[in-house]
Amino acid sequence: MFSMSRLLVAAVLSLAAISAPSARAADKEVFPAQPALAGTMLNGKPYKLDTGKGNIILVTFWATWCPTCQAEMPAFRKFYETNKKAGFELVAVSIDDAMSDIDEYAKQAKWLSKANQDFPSLWRNASDYQDNFGKVFATPTVFLIGRDGKVLESFKGGIKPAQWAHIKAIIQKHPPAAKT
């Protein structure tokens, strides 16, 4: 009986070891093979994510009710302004429920005004909006897309200084292809 118990424990441990890697793999974030995003920007112009241009693209999903999003948007804008000539793009996508929330916020936030729309800003709940980034549960959620058009990684919550430095290093390590 004692050896049968040992055998049973060994079998359970073996099964746990076999299934553990697949459980870890299931926890790994799955990114779209080819990120897609299209719709009308808040300034009324059409937008389609173009991963074929060879730029590093940061897509941030944010909300007007998110204090972290509000606090870090000046850092996003500054980073964009500093790095756009190096082939960096920023796309902001609001996940607010109502466009009226965005309109009210835009009255206070100069970066969001139609006249001051330096980078694409869209509303995810617009009738013509489409993307394949899946459900966004946390704000902000940011996807970093490499020059090859593939999602390199994502960040949830505010971007820390070390993460900004990491993104900057990727931009510098992989300069845009020379235009012919």
Check your understanding: Among the residues of the stretch 112-131, is any out of contact with any strand residue (DSSP E or B) (no Cβ under 7 Å at 6 or more places or on another chain), at pLDDT 85 or above, in a loop (DSSP other than H, G, I, E, B) and in the same structural domain as A38 (by TED's automatic domain parsing)?
Key -> yes
V142 fails exactly one of (1) assigned to a strand (DSSP E or B); (2) closer than 18 Å to K48 by Cβ, namely (2)
With criteria (1) part of a helix (DSSP H, G or I); (2) surrounded by 18 or more Cβ atoms within 10 Å (Cβ to Cβ), A75 comes up short on (2)
Based on this model, can you work out whether S121 counts as among the hydroxyl-bearing types (S, T, Y) and surrounded by fewer than 13 Cβ atoms within 10 Å (Cβ to Cβ)? no
Could we say that A109 is hydrophobic (A, V, I, L, M, F, W, C) and at pLDDT below 90 here? yes
Selection over the stretch 49-71 where residues are part of a helix (DSSP H, G or I), at pLDDT 90 or above and surrounded by 17 or more Cβ atoms within 10 Å (Cβ to Cβ) yields a count of 1
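The values are calculated or read from the model by the stated rules, or taken from the named source; none is laboratory data. Remember, predicted model here, so these are calculated numbers, not experimental data. As a convention, Cβ positions derive from the backbone with ideal geometry for all residues, glycine included, and neighbour counts pool all protein chains shown.
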